[in-house]
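Every number in this text was worked out from the coordinates using simple rules, so none of it is lab data. It should be emphasised that the depicted structure is a prediction, and the values quoted were computed from it without experimental measurement. Positions of Cβ are backbone-derived with ideal geometry, glycine not excepted, and every protein chain shown enters the neighbour counts.
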Amino acid sequence: MPFAYQTKLSGVDDQTPHDHVWYRRRFNVKSEAGQLLLHFGAVDYQASVFVNGQMVVQHIGGETPFSADITDFVENGENLLVVQVDDPHRDETIPRGKQIWENQSTGIWYTNTTGIWQTVWIETVPATYIQNLKFTPDFDRGAIDIQLALNQVPENTQISYQISFKDQLVASGVKTATTSLTEWSVDLFQEQIFRTSYHGAGWTWSPENPNLFDIQLTVGDDTVGSYFGMRKVSAANGMIYLNDHPYYQKLVLDQGYWPEGLLTAPTDQAYKDDIELSKKMGFNGCRKHQKVEDPRFLYWADHLAT
């Protein structure tokens, strides 16, 4: 259910302002499903989520993700999910980007987006699972700083990791988690394979050469795969520098709106096509205008080369 009711792709295609909208859907759960997390990519503006008549989470903010552990609220077999959304169209205190306050789009203002506009999904996780990951490249040291958050920390919790570059193993190790947040640094330049093959050339990330490192992390029965790029952005002498070299930014002003989906792209391929077209036109980046973009856009911006 990723398209707002105002869009053609929703099948409703009604631009009449409604301050309150409701969603209702049934879903099945097997008794052996385990621990269940319910995720929302984005809901504009305030959402109240109910499972089998019980509220499981409330969230305020039209462009940020949220989730809830619904394990204790579901039953074996059929379950009912209800989402109630409040989006006061005339409330000028609500951050709304380029969305209009009035009934019709005029001038620089765009049609409103109300309700669910990014993907909703249920994830099965083990009792101990990885909640969040953050990677911070230290370009000058040739190191990657890692932050990993767990939902709980049983005794002797071990975190194993493997980092690879262009399908070659670069680094691996095991860390012991004593708190919910574990932080450590991996010095990539000290790894023999990486130092021999790539040090000095071909390992940095840029829009023209989006080189990425793959990483796999495992905690008990939970395994998560992700990636990061080694890059440095700095400023000196009135110039922006990328990886210690002057970099002139040729940015397209990207509103992030679609004719048939408004804030929501019609397909994942549409994001790829949009980025590739911008690159073919000579741009090396974009300035997103008053919108927090869907993570799928960011994924393809990380991966696609000029």
(message) Can I get the semi-axes of the range 234-303's equivalent ellipsoid? Compute them from the C-alpha gyration tensor as square roots of 5 times the eigenvalues, in angstrom, largest first.
(response) 26, 12, 11
(request) Name the residues whose placed amide hydrogens come within less than 5 Å of the amide hydrogen of Q35, ignoring near sequence neighbours (fewer than 5 apart) on the same chain. (result) V125
(request) Springs between alpha-carbon atoms under 10 Å, Gaussian network over the chain: tell me which of I116, I108, I70 tops the mean-square fluctuations. (result) I108
(request) Taking only Cα atoms and a 10 Å spring cutoff, compute GNM fluctuations for the chain and point out the largest among N52, N28, N284. (result) N28
(message) Cut-off under 16 Å on the C-alpha distance; same-chain residues fewer than 8 positions from K291 excluded. Which lysines are left, in chain and number order?
(response) K98
(request) Could you run the Karplus curve 6.51 cos²θ - 1.76 cosθ + 1.60 with θ = phi - 60° over the range 84-97 and give me ³J(HN,Hα) per residue in whole Hz, x for Gly and Pro? (result) 10, 10, 10, 9, x, 6, 9, 7, 6, 7, 8, x, 9, x
(message) With θ taken as phi - 60° and the coefficients 6.51, -1.76 and 1.60, list the Karplus ³J(HN,Hα) couplings across the range 272-288 in order, rounded to whole Hz; mark glycine and proline as x.
(response) 4, 4, 5, 5, 5, 5, 4, 5, 5, 7, x, 7, 10, x, 9, 10, 5
(request) Taking H placed 1.01 Å from N in the peptide plane, check which residues at least 5 places from Y129 or on another chain put their amide H under 5 Å from its amide H. (result) N151, Q152
(message) Give the aspartates and glutamates whose C-alpha is closer than 13 Å to that of K280, dropping any in the same chain fewer than 8 places away, or say none.
(response) E208
(message) Need one word for the range 8-125: rounded, prolate or oblate. Basis is the Cα gyration tensor (sqrt eigenvalues a ≥ b ≥ c); a/c below 1.5 gives rounded, then a/b vs b/c decides.
(response) prolate
(request) Show which lysines lie in cross-link reach of K175 when reach means a straight Cα distance below 24 angstrom and same-chain residues fewer than eight apart are skipped. (result) K134
(message) Using the Cα centre of the chain as origin and beta-carbon charges of +1 (Lys, Arg) and -1 (Asp, Glu), tell me which of H245, T111, Q168 is placed farthest towards the positive end of the dipole.
(response) H245
(request) Hey, can you grab everything whose amide H is under 5 Å from the amide H of Y5? Only 5+ residues off in sequence or another chain; H modelled, so Pro and N-termini drop out. (result) T114
(request) Starting from the Cα of N211, step 7 Å along the direction of its Cβ; do the same at L253; then give the gap between the two resulting points in nm. (result) 3.6
(request) Please quote Rg/Rh for the chain to two decimal places, taking the Kirkwood radius as Rh and restricting both calculations to Cα atoms. (result) 1.00
(request) Please give the length that would be gained between T178 and Y227 if that part of the chain were fully extended, namely 0.36 nm times their separation in residues minus their C-alpha to C-alpha distance (nm, one decimal). (result) 15.2 nm
(request) Extending each Cα 7 Å along its Cβ direction at I60 and Q158, get the distance between those two points in nm, one decimal. (result) 4.5
(request) Work out the length of the dipole vector of the chain about its Cα centre, built from +1 on the beta-carbon of each Lys and Arg and -1 on the beta-carbon of each Asp and Glu, and round it to the nearest 20 debye. (result) 720
(request) With springs only between Cα atoms under 10 Å apart, run a GNM on the chain and tell me which of T223, T71, T93 wobbles the most. (result) T93
